[in-house]
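Okay, so here's the structure we're looking at.
The values are calculated or read from the model by the stated rules, or taken from the named source; none is laboratory data. Treat the numbers as computed from the prediction; the structure is a model and nothing was measured. No Cβ is skipped: glycine too gets one built from the backbone with ideal geometry, and neighbour counts run over all protein chains shown. Accessible surface areas use protein heavy atoms only, side chains included; no ligands, DNA or RNA. Shrake-Rupley method; radii C 1.70, N 1.55, O 1.52, S 1.80 Å.
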Amino acid sequence: MANLDNRLYIVATPIGNLADFSYRAVEVLRSVDCIAAEDTRRARLLMQHYGIQNKLISVHDHNEEFKAPELVKQLISGGSIALISDAGTPLISDPGLPLVRLAKEAGVVVSPVPGACALVAALSASGVAVSRFSFEGFLGRTSSSRRALFTEKLNDSTTWVFYESSHRILACLHDLAAIFPAERKIAIAREMTKVYETIIYAPIHEVLSLVEDDKNMRKGEFVVIVESCTVKKVSEISAEQLRILTILLKKQTVKEAVALAVEITAGSKKLLYREALRITQAKSE
Ligand code: SAM
């Protein structure tokens with residue numbers, strides 16, 4: 001590829017496995033006048049891997065408003081630029097919007113060079129029905145902000161997806177378990193395309209137990225998918241209520257366990273009783 005016209009190319013980069021990069025992406029990075037990269041050190045690793053030599057300019061969250069006009073000037077005067085982020089598709093929970101907007105306002109053609117995107121990769125391999133979904137990006141850092149969002153989403157008929165870090169995955173799953181019915185299915189996709197890739201699709205309480213019991217399951221990068229509520233509900237008590245009830249049933253009679261669970265979780269006596277009977281019956285079978 002030679003003589004690129006004065007476009008701004010939005011180039012997706014791999015989210016783990018460096019081989020997930022297209023011929024066209026390599027050619028574009030080789031041929032543009034410069035590469036605007038979120039993290040120049042990471043960009044260099046990718047460039048080294050593919051033998052790409054080109055000029056790098058650092059464009060990240062903290063300087064993009066300031067850098068965008070300078071880069072657009074370069075584009076208007078006939079230059080071509082490729083924008084890349086740390087990993088995956090730029091602008092998807094990543095910098096780039098000011099540059100794209102300004103370039104379009106100036107009449108510069110903006111072209112995507114599609115490739116990896118963690119949310120799409122997770123959806124494609126999760127087993128969740130994905131004909132309709134919404135994306136929430138990163139959630140709030142506090143438990144109260146997450147629970148407020150989860151309450152809003154409780155009866156959402158669309159599957160929804162968010163990004164989560166290793167620091168917060170466990171707390172986040174606890175919050176999900178406190179708000180959603182125990183049997184609501186979720187998927188977590190961890191370290192996709194890397195050595196420890198793990199993709200699990202199961203009811204919230206099962207995923208929570210797995211992540212709680214295995215510290216390795218809390219390492220790395222995560223995409224979480226919450227299945228829509230149109231899927232038939234088997235139980236309407238939350239995963240947290242189910243957990244407490246199960247513990248109480250190990251020591252108490254059904255009546256006592258249910259009374260205590262109602263007191264501790266402020267849950268419905270009828271639903272907790274029904275669930276207690278289901279658990280004890282399942283044990284005796
Ligand atoms: N622009 C990127 C994209 O297209 O996916 C996302 C950038 S965002 C700053 C980074 C987040 O994406 C991570 O915190 C994690 O939630 C998710 N992510 C990125 N790579 C991942 C991977 N290999 N496996 C699972 N999640 C990943």
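When the stretch 49-77 is filtered for residues that are part of a strand (DSSP E or B) and of a type outside the set (S, T, N, Q), the ones remaining, listed by number, are L56, I57. If the condition is being more than 10 Å from the ligand (Cβ to nearest atom) and within 14 Å of the chain's Cα centre (by Cα), then the stretch 118-127 contributes L123, S124, A125, S126.
In the stretch 267-283, what residues are open to solvent by less than 90 Å² (accessible area, probe 1.4 Å) and either touching a Leu at 6+ places or on another chain (Cβ under 8 Å) or not polar (S, T, N, Q) (or both)? Answer for the stretch 267-283, where residues must be open to solvent by less than 90 Å² (accessible area, probe 1.4 Å) and either touching a Leu at 6+ places or on another chain (Cβ under 8 Å) or not polar (S, T, N, Q) (or both): G267, L271, L272, E275, A276, L277, I279, T280, A282.
Among the residues that make up the stretch 239-255, is at least one of them touching a helix residue (DSSP H, G or I) at 6+ places or on another chain (Cβ under 8 Å), closer than 22 Å to R147 by Cβ and within 16 Å of the ligand (Cβ to nearest atom)? Among the residues of the stretch 239-255, not one is touching a helix residue (DSSP H, G or I) at 6+ places or on another chain (Cβ under 8 Å), closer than 22 Å to R147 by Cβ and within 16 Å of the ligand (Cβ to nearest atom), which makes the answer no.
In the set A189, A202, A177, only one residue is assigned to a strand (DSSP E or B) and more than 29 Å from T13 (Cβ to Cβ); that residue is A202.
The condition (being surrounded by fewer than 17 Cβ atoms within 10 Å (Cβ to Cβ), more than 16 Å from the ligand (Cβ to nearest atom) and under 16 Å from R101 (Cα atoms)) is satisfied by just one residue among K55, K73, K67: K73. Looking only at residues of the stretch 85-117 that are among the hydrophobic types (A, V, I, L, M, F, W, C) and in contact with an Asp or Glu (Cβ under 7 Å, 6 or more places away or on another chain), we find that the one that is farthest from the ligand (Cβ to nearest atom) is L99. Selection of the stretch 199-223 for residues being within 12 Å of the ligand (Cβ to nearest atom) and surrounded by fewer than 16 Cβ atoms within 10 Å (Cβ to Cβ) yields only K219.
Within the stretch 27-51, the residues that satisfy the criterion of being of a type in the set (V, I, T) and open to solvent by less than 10 Å² (accessible area, probe 1.4 Å) are V28, V32, I35. Take the stretch 13-48 and flag every residue that is closer than 14 Å to T89 by Cα and either touching a strand residue (DSSP E or B) at 6+ places or on another chain (Cβ under 6 Å) or assigned to a strand (DSSP E or B) (or both). Residues satisfying the conditions are T13, I15, A25, A36, A37, A43.
The set of residues in the stretch 1-26 being at pLDDT below 95 and either surrounded by fewer than 18 Cβ atoms within 10 Å (Cβ to Cβ) or within 15 Å of the ligand (Cβ to nearest atom) (or both) consists of M1, A2, N3, D5, N6. The numbered conditions (1) within 26 Å of L119 (Cβ to Cβ); (2) surrounded by fewer than 16 Cβ atoms within 10 Å (Cβ to Cβ) are all true for T253 except (1). The set of residues in the stretch 206-225 that are in contact (Cβ under 8 Å) with a residue 24 or more places away in the chain and either of a type in the set (K, R) or under 22 Å from F133 (Cα atoms) (or both) comprises V207, R218, K219, E221, F222, V223, V224, I225.
Counting the residues of the stretch 150-193 that are surrounded by fewer than 16 Cβ atoms within 10 Å (Cβ to Cβ) and more than 16 Å from the ligand (Cβ to nearest atom) gives 7. Restricting the stretch 78-137 to residues that are hydroxyl-bearing (S, T, Y) and assigned to a strand (DSSP E or B), the residue that is surrounded by the fewest Cβ atoms within 10 Å (Cβ to Cβ) is S134. Scanning the stretch 224-233 for residues that are open to solvent by 20 Å² or more (accessible area, probe 1.4 Å) and of a type outside the set (S, T, N, Q) yields C229, V231, K232, K233.
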